[in-house]
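The values are calculated or read from the model by the stated rules, or taken from the named source; none is laboratory data. This is a predicted model, so every value here is computed, not measured. Note that each Cβ is placed from the backbone with ideal geometry, even for glycine, and that neighbours are counted across all protein chains shown. SASA here: full protein model, heavy atoms, side chains in, ligands and nucleic acids out. Shrake-Rupley method; radii C 1.70, N 1.55, O 1.52, S 1.80 Å.
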Amino acid sequence: MMTDTELTNNLKLVQQQVGEAAQAVQRSHEEITLVAVSKTHDAATIDAVINAGQQCFGENRVQEANDKWPSLKNRYPGVKLHLIGPLQSNKARRALQLFDVIETVDRPKLARSLARLMDETGLRPDCYVQINTGEEAQKAGILPAEADAFISLCQNELKLPIVGLMCIPPVNEDAALHFALLREIARRNGLKGLSMGMSSDYATAIRFGATSVRVGSAIFGDRKPWPPTDS
Ligand SMILES: *Cc1c(COP(=O)(O)O)cnc(C)c1O
């Protein structure tokens, strides 16, 4: 377990490096959202990071977010939560209630479910389309060749509030190529948001135009499986 001081120091360091990466390419720090990825970390740890000043978090599972976040959100109503992991259609209703941003709209069936539930509930969190830039079989996301048609389906037919694109580059490739591809797909579709970059490459992502970086281990340290097991 990390101490509150360690968490605070990690957060300050990441914030500083976001600022420096932005400045290096004449961008302003304010145009980049730092999403602190709190998956597998318990509410007390997240509480410490909120108290250190962080206002935006990411979780990759609806069930885990449902276990941890309702009470945190009660205490800290200004804090925003992003869904950054795959969403099953049968959890879409709960996701709309829990999350302020859904970054993983990745297939027509889910897009249609979200559109119907948004109409029904009036909840309309900002959404990103996830692109499988590496065309990896095991990874979620729309293939680059199908991106334009899918974005058009989401925006024009389903009227989803799509604000940008998200990608998770293959682990063994130069992430910059994937960031450049994501930026190009966003540009030609008139989308401003680019959620890309994690602990190992967020500075590179900012150079390639990221508007949102998703940083977990550089803030929270290593991850153990959720739920925590006592022993
Ligand atoms: C876990 C996760 C991250 C954070 O990864 P780190 O390497 O710990 O920064 C970012 N994005 C997604 C989609 C994740 O699942």
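Only residues that are closer than 22 Å to Met1 by Cα, in contact (Cβ under 8 Å) with a residue 40 or more places away in the chain and assigned to a loop (DSSP other than H, G, I, E, B): list them for region 28-72, please.
Scanning region 28-72 gives Ser38, Lys39, Thr40, His41, Asp42, Ala52, Gly53, Gln54, Arg61.
Would you point out the residue of region 165-207, among those that are part of a loop (DSSP other than H, G, I, E, B) and among the polar types (S, T, N, Q), that is surrounded by the fewest Cβ atoms within 10 Å (Cβ to Cβ)?
Asn172
Which of the residues spanning region 194-225 are closer than 21 Å to Ile46 by Cα and aliphatic (A, V, I, L, M)?
Selection gives Met198, Val213, Val215, Ala218, Ile219.
If I ask for residues that are modelled with pLDDT of 95 or more and within 13 Å of the ligand (Cβ to nearest atom), which ones from region 205-224 would you list?
Ala205, Ala210, Ser212, Val213, Arg214, Val215, Gly216, Ser217, Ala218, Ile219, Phe220
Just checking, which of Leu123, Leu117, Leu160 is crowded, with 21+ Cβ neighbours inside 10 Å and either over 19 Å from the mean Cα position of the chain (by Cα) or more than 16 Å from the ligand (Cβ to nearest atom) (or both)?
Of Leu123, Leu117, Leu160, the one residue that is crowded, with 21+ Cβ neighbours inside 10 Å and either over 19 Å from the mean Cα position of the chain (by Cα) or more than 16 Å from the ligand (Cβ to nearest atom) (or both) is Leu160.
Only residues that are assigned to a helix (DSSP H, G or I) and open to solvent by less than 10 Å² (accessible area, probe 1.4 Å): list them for region 99-114, please.
Of everything in region 99-114, those that are assigned to a helix (DSSP H, G or I) and open to solvent by less than 10 Å² (accessible area, probe 1.4 Å) turn out to be Leu110, Ala111, Leu114.
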